[in-house]
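First up is the structure itself, then whatever we jot down about it.
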Amino acid sequence: MTNLDPNPELIDFNAPHNALGLSAGFEEKLGSDYIVEVLEPRLVPLGGPRAMTVQRTIPQRARSLIGAWCFLDYFGPDDVAETGGMQVPRHPHTGLATVSWLFEGRVDHVDSAGNWALIRPGEVNLMSAGYGITHSEYSTHDTTILHGVQLWYAFPEEQRFVAPHLDQYRPETITGPGWEAKVAIGSLLGVSSPVETYSPLSAAEISLKPNTTMEIAVPAEHEHGLLAIECTANFNGAWIEENHLGYLGTGVTTLQLSSGDSPIRVMLIGGEPLDEDIVMWWNFVGRSHDEIGLWRERYQTEMGFEVGADPSRVVGPVYSDGTVFPQYGDFPSDQPAPLPAPELPSVAMRPRRNPPTVARRKEQ
């Protein structure tokens, strides 16, 4: 999925957290032991006259990352006959991985690393962009309802130029008293996903029957977010409204999840904070404005939108800086035309950092 926010540069991720206050879209709630941040989703159309609209909870001003997770879109359940479903032509990614997880419907994935994949409910699809990849995503012809999430995580410095690749995995459903879960990424609830990530991360779909409480042991050095899916969920004593995201910082070793008189379903994500400076713009995660600009120029040139925009192109299999040419790979010729990149912001983008945020106890 591509970031088609029409004004991505208007979010000032560099604003100090305490200067933001309890602005629209951000609230602090008293939990049983800790203060829980609650992030309200903002609606973002994916483009086109019958655009499918997603609900984006990160990034935003109040919080730009959770661990290395830097992007969370929730979509559906959408009647494909009304919305047109997912129709995202070829577009680039660099310096990150995308994680697709469906609750209902199916999506065809094609990428420039030579992968053709069918994304199905309950099966994680992790695409590592590395130094550069392009892909497309289209809901299948037999999909009537489309419902799911897509997340991105930013690569740490040491791995951000790995070769692009795709991993798929269908986790088993694990159960306990009144609950069931599927661990897509990382280790939770006594099970581990084999899907490799370059940062310590976790992601799981969890469902509870009515009037159920479960406790989840987690590493103290990780921070966590909980997305309430078509429900209101109790997260460590704080009620998280439907389609909102609750956040707890590091220092918490037990997450408590409870339902009321109705069943609930949530997506739990977590990870060790990525304590590095990053620049995130459109579909790229880099380290400077100039780096993002170079990647945009190469994409525009390789896709045929601009001629000779990139001065570092040389004859042969690599660019002058050693990056593989073409950076965004080859693509099947029978696919729809690629998406053009938006214009870069007129003001240089500043690197931002997401240092560890320790969860605050209520008495503080």
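The values are calculated or read from the model by the stated rules, or taken from the named source; none is laboratory data. From a predicted model like this one, the values you see are computed outputs, not experimental measurements. For neighbour counting, all protein chains shown are included, and Cβ atoms are generated from backbone atoms with ideal geometry for every residue, glycine included. Please note that ligands, DNA and RNA were not included when accessible areas were found on the heavy atoms of the full protein model with its side chains. Shrake-Rupley method; radii C 1.70, N 1.55, O 1.52, S 1.80 Å.
Observations, loosely collected:
- Rolling a 1.4 Å probe over the heavy atoms of the protein chains gives the stretch 219-300 an accessible area of 28 Å² per residue.
- Cα principal axis extents for the chain, largest first, Å: 63, 47, 38
- Against the criterion of solvent-accessible heavy-atom surface with a 1.4 angstrom probe, Met267, Met303 sort, most first, into Met303, Met267.
- Surface share of carbon and sulfur [accessible, 1.4 angstrom probe, percent] for the stretch 96-226: 48
- Extending 7 Å from the Cα toward the beta-carbon at both Thr213 and Asp321 defines two label points whose distance is 5.3 nm.
- For the set Glu27, Glu363, the ranking by accessible area, highest first and with no ligand, DNA or RNA atoms included, is Glu363, Glu27 under a 1.4 Å probe.
- For the stretch 99-178, the list of GluC sites (Glu not before Pro) that fall in a loop by DSSP and count at most 16 other C-beta atoms within 10 angstrom reads Glu172.
- Amide H contacts of Val191 (H built 1.01 Å from N, under 5 Å, at least 5 apart or other chain): none
- Heavy-atom accessible area for Thr53, with the other protein chains in place and a 1.4 Å probe, reaches approximately 60 Å².
- Total charge dipole magnitude, the chain, about the Cα centre, Cβ charges on Lys, Arg, Asp, Glu only, Debye to nearest 20: 320
- Solvent-accessible area of Leu189 with every protein chain in place, 1.4 Å probe, in Å² to the nearest 10: 50
- Helix-only [θ]222 nm of the chain, DSSP H runs n ≥ 4, -39500 (n - 2.57) each, per residue, nearest 500: -1500 deg cm²/dmol
- Sorted largest first by accessible area at a 1.4 angstrom probe radius, with every protein chain in place, the residues Ser192, Ser139, Ser346 fall in the order Ser346, Ser192, Ser139.
- The accessible surface of the stretch 27-95, taken with every protein chain in place and a 1.4 Å probe, is 46 percent carbon and sulfur.
- The stretch 202-252: relative contact order as a whole-number percent, Cα under 8 Å and 6+ apart: 36
- Backbone amide hydrogens, once placed in the peptide plane, bring Ile133 within less than 5 Å of His93, excluding anything fewer than 5 places away on its chain.
- Sequence-distant residues sharing a close amide H with Trp281 (under 5 Å, placed H): Gly286
- Note on the stretch 63-172: Kirkwood hydrodynamic radius from all Cα pairs is 14.3 Å, rounded to one decimal.
- Taking all C-alpha pairs of the stretch 127-204, those more than 19 Å from each other amount to 52 percent.
- Mean separation of Cα contacts under 8 Å (6+ apart) over length of the chain, as relative contact order %: 18
- For the stretch 115-172 and the stretch 51-106, distance of Cα centres in Å: 11
- Between helix 289-302 and the chain: long-axis angle, C-alpha atoms, 0 to 90°, nearest 10: 60
- Under the simplified labelling scheme, the Ala163-Glu363 pair shows an inter-label distance of 5.6 nm, with each label point 7 Å from Cα along Cα→Cβ.
- Taking all protein chains as shown and a probe of 1.4 angstrom, Asp108 keeps an accessible surface of around 70 Å².
- Convex hull volume per residue, computed on the Cα atoms of the stretch 230-364, equals 203 Å³.
- Inter-label distance, nm, simple model (7 Å from Cα along the C-beta direction), Asp275/Asp79: 5.1
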